[in-house]
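Engineer: Input: one structure, supplied below.
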Amino acid sequence: MAGTAPIPAEELRAVLGPVRAWLDDDAEQPPRSVVGAAVKTSARWMAQQVPGRSVEVRVPPHVAVQCIEGPRHTRGTPPNVVETDAATWLRLVSGRVTWADAVAAGKVTASGNRADLSALLPLRPLRQH
């Protein structure tokens, strides 16, 4: 995240607005660019809140970020990886699904002893929604 301007909470909320109806199953999926912006912004916002390089969060094909303090990963497959699809990620960050439910449903793969993001999700500025 070095060299990147911080993402304000207002920007995070604004970029998620256009995907809300889709996440609630009340609308068709928005264009890929809209979904991608919501995924990238939310993942990067989380990474700026819990900086570090011990966990890699992947939401293909949109973004991969490293976050959470701990042993730094430099080469090969990281020991702590979280991977999910765009819809599940956005439902997690907005509080529409819990971490435990998404993992139990097989919507999230989490490997490594630091890969439990339940304490971070939903993202703090979105918890009132």
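Engineer: Taking the residues in segment 76-91 that are over 11 Å from residue 39 (Cα atoms) and of a type outside the set (Val, Ile, Thr) as candidates, determine which candidate is most open to solvent (accessible area, probe 1.4 Å).
Structural biologist: 79
Engineer: Taking into account only those residues within segment 50-68 that are part of a loop (DSSP other than H, G, I, E, B) and closer than 17 Å to residue 85 by Cβ, which is most open to solvent (accessible area, probe 1.4 Å)?
Structural biologist: 61
Engineer: Picking from 27, 43, 37, 47, which residue would you name as being open to solvent by 20 Å² or more (accessible area, probe 1.4 Å), outside any loop (DSSP other than H, G, I, E, B) and free of Cβ contacts under 8 Å to residues at least 60 places away in the same chain?
Structural biologist: That would be 37, the only listed residue that is open to solvent by 20 Å² or more (accessible area, probe 1.4 Å), outside any loop (DSSP other than H, G, I, E, B) and free of Cβ contacts under 8 Å to residues at least 60 places away in the same chain.
Engineer: Filter segment 105-123 for residues that are at negative phi and in contact (Cβ under 8 Å) with a residue 24 or more places away in the chain and give the result.
Structural biologist: 108, 109, 110, 111, 113, 114, 115, 117, 120, 121, 122, 123
Engineer: Identify all residues within segment 92-103 that are assigned to a helix (DSSP H, G or I) and more than 9 Å from the chain's Cα centre (by Cα); write none if there are none.
Structural biologist: Within segment 92-103, 94, 99, 100, 101, 102, 103 meet the criteria.
Engineer: Residue by residue through segment 92-108, note down the ones that are open to solvent by 60 Å² or more (accessible area, probe 1.4 Å) and either under 14 Å from residue 58 (Cβ atoms) or touching a helix residue (DSSP H, G or I) at 6+ places or on another chain (Cβ under 6 Å) (or both).
Structural biologist: Correct list: 96, 107.
Engineer: Taking the condition in contact (Cβ under 8 Å) with a residue 60 or more places away in the chain and either touching a strand residue (DSSP E or B) at 6+ places or on another chain (Cβ under 9 Å) or among the aromatic types (Phe, Trp, Tyr) (or both), does residue 59 pass?
Structural biologist: The answer is no for residue 59.
The values are calculated or read from the model by the stated rules, or taken from the named source; none is laboratory data. Bear in mind that the values here come from a model prediction, so they are computed numbers and not experimental data. So basically every Cβ, Gly included, is an ideal-geometry build from the backbone, and we count neighbours across all protein chains shown. Protein only, heavy atoms only, side chains kept; ligands, DNA and RNA dropped before computing areas. Shrake-Rupley method; radii C 1.70, N 1.55, O 1.52, S 1.80 Å.
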